[in-house]
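Working notes for the structure below.
The values are calculated or read from the model by the stated rules, or taken from the named source; none is laboratory data. These numbers come from a predicted model, not from an experiment. Here the Cβ is made from the backbone with ideal geometry for all residues, glycine too, and neighbour counts use every protein chain on show.
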Amino acid sequence: MSRTTVFIARRVFADIVDRLRPHFEVRTHEGDAPLSPAELIAALQGCAGVFITGSERIDATLLDACPQLKAVCTMAVGYNNIDVAACTARGVVVTNAPGVLTETTADFGFALMMATARRICESERFLREGRWQHWGVDMFAGGDIHGATLGILGMGRIGQAIARRGRHGFDMTVAYHNRSHLAPEVEASLGATWMTLPDLLRTADHLVIVTPYTPETHHLVGAGQLKLMKPTATLTNIARGGVVDDAALAEALAAGTIMAAGLDVFEGEPTVHPALLALRNVVLTPHIASASVPTRRAMADLAIDNLLAALGVRPDAGRPPTALNPEVLS
Ligand code: 8YV
């Protein structure tokens, strides 16, 4: 009898992929660049499961072209690249990787906010370019983090982990906007106050965006919203490109509508809006918020746990730990 086949759509830790080999025929794409949609469809012929990252698109066209597919397991927590409804309609289970990256991603969001407010990258470039002649009173003077108001847009696991750092590590006042309010005891432990989005934008000294990307959050922060912010404020986006209108942000940064921005995610990444690249008051990183070695390994491990369980391997057979549409399995 032929063995069930699974596909690993990206080069990932070999020892973690090896966990699949006793159970399945494992095919891999050993590249760092994602396959094109047509290449992915070709690679998935005859496969029951696929391990993906946040870059491979799983949509109705792909699903219809890969009728043997039963499980789609991403190592990302965000799943805007997967049409979950289309998967559910075809009986395909989808899993993501929440939890394991929360603290690492919050560390990075906080670091990016600090680098932005304290102008670390801009001043480093200045030094490396040999332009440092003497010390100056207001040379690279930025904004304070401690005691400032931290505004969090999207108060899920990562938002709350950033709030904890701000409140308990830096004595910040925490304000947030989210579709739902946190439980009163959670709000109390974070010292966090819910606000409407306009109020949050007016109030925050440092706005950190951690909301999932959905049709509702597309360009949630655009020109109109940026105008509400303080000219001394910073904006940090570690959510997804598309939540912020990058062209409007570049204009606001050039005009001094806000002081600075820190961006780990971009509309159309890996392409970055050229106007952002030309600005000095923006810190740009290539979507690395979860990139610590232990965390990337934990994300991959969780995706493999899910793939094994989704395709019937014990001990979790039929119960993938973090399924997005578990109803498919019942
Ligand atoms: C990942 C992310 O690095 O988990 C997410 O949603 O954005 C990042 O942590 C990436 O998407 C993994 O593929």
Selection count, segment 97-133, where residues are closer than 15 Å to Gly156 by Cα and either of a type in the set (Lys, Arg) or in a loop (DSSP other than H, G, I, E, B) (or both): 5
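State which residue is nearest to Phe266 (Cα to Cα) when the search covers only segment 278-307 and only residues that are of a type in the set (D, E, K, R) and more than 10 Å from the ligand (Cβ to nearest atom). Walk me through how you get there before you give the answer.
Our first condition is that a residue be of a type in the set (D, E, K, R); within segment 278-307, this holds for 280, 296-297, 301, 305.
Cutting the leftovers down to more than 10 Å from the ligand (Cβ to nearest atom) gives us 280, 297, 301, 305.
Working: Arg280: 17, Arg297: 24, Asp301: 27, Asp305: 30 Å.
Applying the filter and picking the extreme gives Arg280.
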Candidate set from segment 214-240 (those that are within 16 Å of the ligand (Cβ to nearest atom) and crowded, with 20+ Cβ neighbours inside 10 Å); member that is nearest to Val174 (Cα to Cα): Thr236
Inter-residue pairs, beta-carbon under 7 Å, first within 14 Å of Leu307 (Cβ to Cβ) and in segment 79-105, second more than 9 Å from the ligand (Cβ to nearest atom) and modelled with pLDDT under 95, 6+ apart: Val93/Leu329
Residue count for segment 188-204, restricted to those that are out of contact with any helix residue (DSSP H, G or I) (no Cβ under 8 Å at 6 or more places or on another chain), in contact (Cβ under 8 Å) with a residue 40 or more places away in the chain and either small (Gly, Ala, Ser) or surrounded by 23 or more Cβ atoms within 10 Å (Cβ to Cβ) (or both): 2
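Given the structure, is Ala97 at pLDDT 95 or above, within 16 Å of the ligand (Cβ to nearest atom) and more than 28 Å from Thr232 (Cα to Cα)?
Numbers: at pLDDT 95 or above: yes; within 16 Å of the ligand (Cβ to nearest atom): yes; more than 28 Å from Thr232 (Cα to Cα): yes.
Here the answer is yes, as Ala97 does meet what is asked.
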Positions within segment 251-277 being in contact (Cβ under 8 Å) with a residue 40 or more places away in the chain and either within 12 Å of the ligand (Cβ to nearest atom) or over 19 Å from the mean Cα position of the chain (by Cα) (or both), in sequence order: Met259, Ala260, Asp264
All positions within segment 53-69 that are farther than 13 Å from Leu35 by Cα, under 28 Å from the mean Cα position of the chain (by Cα) and surrounded by 15 or more Cβ atoms within 10 Å (Cβ to Cβ): Leu63, Cys66, Leu69
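Being of a type in the set (A, V, I, L, M), within 16 Å of the ligand (Cβ to nearest atom) and closer than 14 Å to Ile8 by Cβ is the filter here; which residues of segment 53-75 pass it?
Residues of segment 53-75 of a type in the set (A, V, I, L, M): 58, 60, 62-63, 65, 69, 71-72, 75.
Of the ones still in play, those that are also within 16 Å of the ligand (Cβ to nearest atom) are 58, 72, 75.
Passing the criteria: Val72, Met75.
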Residue list for segment 80-96, restricted to those being assigned to a loop (DSSP other than H, G, I, E, B), buried (at least 22 other Cβ atoms within 10 Å of the Cβ) and not aliphatic (A, V, I, L, M): Asn96
Criterion violated by Leu276 - all others in (1) in contact with a strand residue (DSSP E or B) (Cβ under 9 Å, 6 or more places away or on another chain); (2) surrounded by fewer than 17 Cβ atoms within 10 Å (Cβ to Cβ) satisfied: (2)
Where a residue in segment 293-310 is of a type outside the set (A, V, I, L, M, F, W, C) and its partner, wherever it lies, is within 13 Å of the ligand (Cβ to nearest atom) and part of a helix (DSSP H, G or I), with Cβ under 6 Å and at least six apart: Thr295/Thr104
Exclusive hit being of a type in the set (Val, Ile, Thr) and assigned to a helix (DSSP H, G or I), set Ile152, Ile158, Ile145: Ile158
